[in-house]
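Encoded as structure tokens, the structure appears first; notes follow it.
Laboratory data are not the source of any read-out in this text; all were calculated from the coordinates shown. Model, not experiment: these values are computed from the prediction. Reconstructed Cβ throughout: ideal geometry from the backbone, glycine too, with neighbour counts over all protein chains shown.
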């Protein structure tokens, strides 16, 4: 599937191959604000490991982060949900609903495939 526009004139790049190198390259090119955290997490969780077992979980987490960050409209929407739940809600049920909506988006984007 080709990249989609979040709105007219806004390019949303396709997802890369599901490998650490390809994902890091896409983050560096299209969402560089995530790169310091990606690299720090890689160094902490994977780089010095003798077991590559954590790699799939690492990729799943950052796949979702990049899938949201590459689309400015979606990124702003999710961050707004999280911000409102954390800082503006006085009703616990409303805060919970906002966080559930954000969580559903995070979960859904983790299932996207390369090229989408």
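Quick notes
- Degrees between helix 55-69 axis and first principal axis of the chain (Cα, 0 to 90, nearest 10): 50
- 0 to 90° range, to nearest 10: angle between helix 92-110 axis and the chain longest Cα axis: 30
- Of all the options 33, 88, 17, the one that moves most in a Gaussian network model of the chain with Cα springs shorter than 10 angstrom is 88.
- Of 91, 39, 71, the residue with the greatest mean-square motion in the GNM of the chain, using alpha carbon springs below 10 Å, is 91.
- One entry in (i) -0.99, -1.08, -1.31, -1.43; (ii) -0.89, -0.97, -1.16, -1.27; (iii) -0.79, -0.88, -1.18, -1.37 is log10 I(q)/I(0) by the Debye sum over Cα atoms at q = 0.17, 0.18, 0.21, 0.23 Å⁻¹ calculated from the shown coordinates; its label is (ii).
- Nearest-0.05 FRET efficiency for residue 80 and residue 10, computed from C-beta distance (R0 22 Å): 0.80
- Helix 20-30 vs. the chain, principal-axis angle (Cα, 0 to 90°, nearest 10): 50
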